[in-house]
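The values are calculated or read from the model by the stated rules, or taken from the named source; none is laboratory data. Computed from a prediction, not measured in an experiment: that's the story for all the values here. Cβ coordinates were reconstructed from backbone atoms using ideal geometry, including for glycine residues, and neighbour counts include every protein chain displayed.
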Amino acid sequence: MIRHSKVAILAGFLPVLAVNIAVWINMTAGLEACFPYWDGCFSVSRGIRSGPGLMVFKILAWPAAMLMIYCWWRCGGWFLQHRQETGTREKLIVWLGMFGAVFFLVYANWLGTQGDFYQWLRRYGVVFYFGLTMLAQLGLAAFIWNIRKTPQNSMPVKPSGFYLGVVLISWLLGLGSAFKRKLIDNPDFLDRVENLLEWNFALMLSLTFMALGLVFRAEEAKNKSVNH
């Protein structure tokens, strides 16, 4: 039997592992040694788009994308556990998330390639991965919030609260990225802040999958105790 909690946790953990291993390998090969989550020394793409770490990232990106797609597909059945039927909004959440995972794969597959068309694929691959996943996670947060407000709340309180908190931080980082150019004039500092926000936003996006995995795990434990 597939433990859906483990799939969701791995769906968040594997992209983080892929990026950080690739960056570490590239640092050993000459990339500037720093802590990009704090220093903002380079962007995510610059850290992994060349060097020996690139192939490691590409190899790990495939199972990561498959896990994300499965996780969003699983959410379709999970919605039914908390409601009698799923409406258009719930179906949209699933499809947004699944397409977001596909665009993550597009980005990863064409990273490090040359040519305007491939550059276009990389640029819009990451934009749609971030955007669609962000919208799907927000929709899922709204679903969880609505269930938590009902008298017969069936949502585990602490794990679901953690999920909501991570989604909130993701959106705050996203808004910070959108308005940074209106708040910062210094080009060098702006570049550093942009990189820092990108690294931490990508981290939060993955952490949201792991937080969802904790929600699934709490429900699995609850169901197991009821069955026994």
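Residues considered: 94, 102, 106, 157. Of these, the only one that is among the hydrophobic types (A, V, I, L, M, F, W, C) and more than 15 Å from residue 69 (Cβ to Cβ) is 157. Based on what the data block shows, is residue 16 out of contact with any Lys or Arg (no Cβ under 9 Å at 6 or more places or on another chain), surrounded by fewer than 20 Cβ atoms within 10 Å (Cβ to Cβ) and closer than 23 Å to residue 173 by Cβ? In short, yes.
Evaluation of residue 101 against the conditions (1) under 22 Å from residue 135 (Cβ atoms); (2) without any contact (Cβ under 8 Å) to a residue 40 or more places away in the chain; (3) surrounded by fewer than 14 Cβ atoms within 10 Å (Cβ to Cβ); (4) not β-branched (Val, Ile, Thr) shows that the sole unmet condition is (3). Is it true that residue 160 is within 18 Å of the chain's Cα centre (by Cα), closer than 23 Å to residue 83 by Cα, surrounded by 19 or more Cβ atoms within 10 Å (Cβ to Cβ) and among the small types (Gly, Ala, Ser)? Yes, satisfied.
Taking the residues in segment 19-43 that are closer than 22 Å to residue 207 by Cα and small (Gly, Ala, Ser) as candidates, determine which candidate is modelled with the highest pLDDT. Step by step, filter segment 19-43, then rank; the result is 22. Residue 163: in contact (Cβ under 8 Å) with a residue 24 or more places away in the chain, of a type in the set (Phe, Trp, Tyr) and either out of contact with any strand residue (DSSP E or B) (no Cβ under 7 Å at 6 or more places or on another chain) or within 23 Å of residue 101 (Cβ to Cβ) (or both), yes or no? So residue 163 passes the test. Under the condition of being crowded, with 18+ Cβ neighbours inside 10 Å and in a helix (DSSP H, G or I), the residues counted in segment 140-157 number 4. Does residue 73 meet the test of being of a type in the set (Phe, Trp, Tyr), farther than 22 Å from residue 195 by Cβ, surrounded by fewer than 18 Cβ atoms within 10 Å (Cβ to Cβ) and touching a helix residue (DSSP H, G or I) at 6+ places or on another chain (Cβ under 7 Å)? Judged against the criteria, residue 73 is a match.
Only one of the listed residues (160, 177, 170) is among the polar types (S, T, N, Q), touching an Asp or Glu at 6+ places or on another chain (Cβ under 9 Å) and either part of a helix (DSSP H, G or I) or within 27 Å of residue 40 (Cβ to Cβ) (or both). That residue is 177. Taking the criterion of being of a type in the set (Ser, Thr, Tyr), buried (at least 19 other Cβ atoms within 10 Å of the Cβ) and under 17 Å from residue 44 (Cα atoms), the only residue of segment 120-139 that qualifies is 129.
Exactly one residue among 7, 44, 56 is crowded, with 16+ Cβ neighbours inside 10 Å, under 27 Å from residue 189 (Cα atoms), touching a residue at least 12 places away in the same chain (Cβ under 8 Å) and of a type in the set (Val, Ile, Thr), and that residue is 44.
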